[in-house]
1. Go through the residues of segment 29-45 one by one and say whether even a single one is of a type outside the set (Ser, Thr, Tyr), under 16 Å from the mean Cα position of the chain (by Cα) and open to solvent by 100 Å² or more (accessible area, probe 1.4 Å).
2. Is it true that Ser77 is in a strand (DSSP E or B) and either farther than 14 Å from Ser135 by Cβ or open to solvent by less than 20 Å² (accessible area, probe 1.4 Å) (or both)?
3. Hey, among the residues in segment 9-28 that are hydrophobic (A, V, I, L, M, F, W, C) and in a helix (DSSP H, G or I), which one's least open to solvent (accessible area, probe 1.4 Å)?
4. Taking only pairs six or more apart or across chains, which ones have beta-carbon atoms under 7 Å, a first residue in segment 17-41 that is charged (D, E, K, R), and a second residue that is open to solvent by 50 Å² or more (accessible area, probe 1.4 Å) and in a helix (DSSP H, G or I)?
5. If Val103 satisfies all but one of (1) assigned to a helix (DSSP H, G or I); (2) open to solvent by 30 Å² or more (accessible area, probe 1.4 Å); (3) at pLDDT 80 or above, what's the number of the condition it fails?
6. Which one of these does Ala35 not meet: (1) more than 24 Å from Ser137 (Cα to Cα); (2) modelled with pLDDT under 90?
7. Return yes or no: is Phe6 out of contact with any helix residue (DSSP H, G or I) (no Cβ under 7 Å at 6 or more places or on another chain), of a type in the set (A, V, I, L, M, F, W, C), assigned to a helix (DSSP H, G or I) and modelled with pLDDT of 85 or more?
8. Just name the residue that is nearest to Asn138 (Cα to Cα) out of those in segment 53-71 that are open to solvent by 20 Å² or more (accessible area, probe 1.4 Å) and β-branched (Val, Ile, Thr).
Amino acid sequence: LLRKKFFVKALQKNNIRINDNLFLDVFHDQKKSKARIKDFITKNNEVTVLLVSSHTFATYAIDACRELNREIGREISLISFDADVLSTFSPHITTISQPVDDVTKYLVKLIDSKIKSIGRNYRFLYKPKLIEKKSVSNIT
C-alpha cells in the first residue's frame with residue numbers, strides 16, 4: 001500500500017492524470033491473482049507496461065503473460081520491486097532496487113531509539129535505484 005501511495009503522489013506531483021481503473025489489487029492467492037491479471041491485460045489492450053509492487057506479484061504477471069502469449073519486453077513491459085529474486089527469470093526483469101544494507105542499518109538504529117523513547121515515531125526515506133533489464137522496451 002505504501003508503494004502505491006508514493007507512486008500516486010509522484011504522478012500527482014508531475015501533473016500526470018491518474019486513472020484508478022488502471023490500478024489492480026492482487027492477492028497472495030496465486031490462482032486468483034493470475035486470473036485477475038489476465039483479465040486486466042485482456043480488457044485493457046492499451047496498457048503497455050505493468051508495474052508490480054513485489055517479486056511475488058511479478059511472478060504472477062509473468063505467468064499471466066505467458067498464458068496469454070504476450071511476450072514480456074516486446075508486447076508488454078514489466079517492472080517490479082525486489083531485484084534479487086527476479087534476476088534469475090527470463091527475460092531479465094527491470095526492477096526498482098532498494099538499498100537493503102542501508103535499510104537494515106537504519107532498522108537497527110530505529111529499534112534502539114524506539115526502546116529509549118517509545119513515544120517517538122521515526123521515518124526513513126531511502127533512494128531506490130532502477131536496474132534496467134530486458135523486460136522493458138518502447139512499445140507503441
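1. Looking through segment 29-45, none of the residues is of a type outside the set (Ser, Thr, Tyr), under 16 Å from the mean Cα position of the chain (by Cα) and open to solvent by 100 Å² or more (accessible area, probe 1.4 Å).
2. Numbers: in a strand (DSSP E or B): yes; either farther than 14 Å from Ser135 by Cβ or open to solvent by less than 20 Å² (accessible area, probe 1.4 Å) (or both): yes.
In short, yes.
3. Leu11
4. Within 7 Å, the pairs are Lys38/Glu67.
5. Single failed check for Val103: (3).
6. The single condition Ala35 does not satisfy is (2).
7. Judged against the criteria, Phe6 is not a match.
8. Among those residues, the one meeting the criterion is Thr59.
The values are calculated or read from the model by the stated rules, or taken from the named source; none is laboratory data. This is a predicted model, so every value here is computed, not measured. Backbone-built Cβ (ideal geometry, glycine too); neighbour counts: all protein chains shown. All accessible areas refer to the heavy atoms of the entire protein, side chains included, with ligands and DNA or RNA removed. Shrake-Rupley method; radii C 1.70, N 1.55, O 1.52, S 1.80 Å.
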